[in-house]
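Asker: Sending over a structure as structure tokens; questions will come in a sec.
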């Protein structure tokens, strides 16, 4: 069922991309937009991990350099039943972490030096279990593709706004003026908004699911809840230096700081903590 929902969401984004491409350049524009979508999916599938790691200046570390980090990832990977991801560190005092890679065999986990400084062992295990949840659930690629498609829709909508769009002679002769106006309105205004909302739906749902998976892997939901509280409190004062809108959704917590906006890539930290503590309460009742 989750796979079907994901397919529907990505299908919606691809359809919107083709629609906007059609009104930006007629039938030819639609074909170009569809080809652009395929190309973006191909690039995201094969190289998203390398691009993101390089963008944030992450460097791979071995067990001798980061024994605590490696020992925790070793232990959790065994519990999750997946290959151990490559381990990276970012030199940044802002506490955060993310996972990337197209599948469990080609995954990487990255933690900032800041998160290693402020979390105790149980809290760090909860955070890394959350990231391994993303790897095991195979939703890293999905969120990357969703972000890429949403960005392409926004870009084409801006192009349509500045150029006014163009259609082939066949399109003009067969099209209705009223339908054309509605299509242009959808392409200019509604398509970027819908694309953003769909992307947020993908991002937020994967965060809740990774919290749940991480809590089950670590066996300590309250430790992950405590880590999320510490991360948010510290990030409010010290946002991630390399944070970008294109990669913000990948981190365990919004790298810009407090999450209050309806259009945020992350669910409110308070709601995430509430769900985690509810899991702990339910476990104690059993």
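Asker: Is the range 57-72 home to any residue that is in a helix (DSSP H, G or I) and under 25 Å from residue 205 (Cα atoms)? Walk me through it before giving the result.
Answerer: In the first step, residues of the range 57-72 are kept if they are in a helix (DSSP H, G or I); the result is 67-72.
Then keep just the ones that are under 25 Å from residue 205 (Cα atoms); that gives none.
Scanning the range 57-72, I find no residue that is in a helix (DSSP H, G or I) and under 25 Å from residue 205 (Cα atoms), so the answer is no.
Asker: Further question: Please note which helices (runs of 4 or more DSSP H) are completely contained in the range 77-174 and include at least 2 residues that are modelled with pLDDT under 95 and on the phi < 0 side of the Ramachandran plot.
Answerer: On the way: elements: 113-118, 121-136, 140-163, 169-174.
Those helices (runs of 4 or more DSSP H) span 121-136, 140-163, 169-174.
The values are calculated or read from the model by the stated rules, or taken from the named source; none is laboratory data. Keep in mind that what you see is a predicted model, and the values were worked out from it rather than measured.
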